[in-house]
Amino acid sequence: MKKGIKLTLVGITINLFIAGILIITTFGKFSDLTDILSDWPLNLGVGILALYISGNYIGKKITYLINEKKWNSIFTGIIGLLTILIIGIFFGSTVGFLQEGIRNINLEDGFKNALIDYYVKPLFWIILFGIIPTIFIGGIMGYGIKKTYFNERNDQTNL
């Protein structure tokens, strides 16, 4: 069970690294990545913290579903990592909504616009750029959880 959680946390770390690379290649400079990090440090910090905390709990569930319930490992890994990504986006977006979005609620269509600006737009952009790496890493992660379980099981039966 612990190795499944470790693989989930490694998958999250790899996804974050790929996100940084995508930002650098999309905008062309490393300074653009540092600008993004310095513009939204609390949003990103809370979002990344939410990724790792939810990764711990969802990693346990993924491991259980793959090893005990015999669900498809690749599909379960993909769905699990996408769920973790959406949770991270929600918590990071909530910080921005609480910091700035609430001020605009009194304006015409303020609440609707604030929800769109602080929840829908980040969800759209992060999913747009992050869906392919998340699917790829999630599939590898799920397969790795399954393979680790069967290797451990075979080691115990060979004793």
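A few notes on this one:
- Acute angle (nearest 10 degrees) that the helix 30-39 long axis makes with the longest principal axis of the chain, alpha-carbon atoms: 70
- Model label points for I86 and L49, set 7 angstrom from Cα along the Cα-to-Cβ axis, are 2.4 nm apart.
- Net charge of neighbours whose Cβ lies under 13 Å from the Cβ of Y118, counting Lys and Arg as +1 and Asp and Glu as -1: +1
- Links that overshoot a 23 Å alpha carbon limit, given the list K6/K29; K60/K121; K3/K70; K6/K121: K6/K29; K60/K121; K6/K121
- At R0 = 35 Å, FRET efficiency that the Cβ-Cβ distance of I36 and Y64 yields, to 0.05: 0.45
- Shape of region 2-146, Cα gyration tensor, a/c cut at 1.5: prolate
- Choice from K146, K60, K29 showing the highest fluctuation, given a GNM over the chain with Cα pairs closer than 10 Å: K29
Readers should treat all values here as calculations from the given coordinates under stated rules, not as data from a laboratory. Nothing here was measured: the structure is a model prediction, and the numbers come from that model. For neighbour counting, all protein chains shown are included, and Cβ atoms are generated from backbone atoms with ideal geometry for every residue, glycine included.
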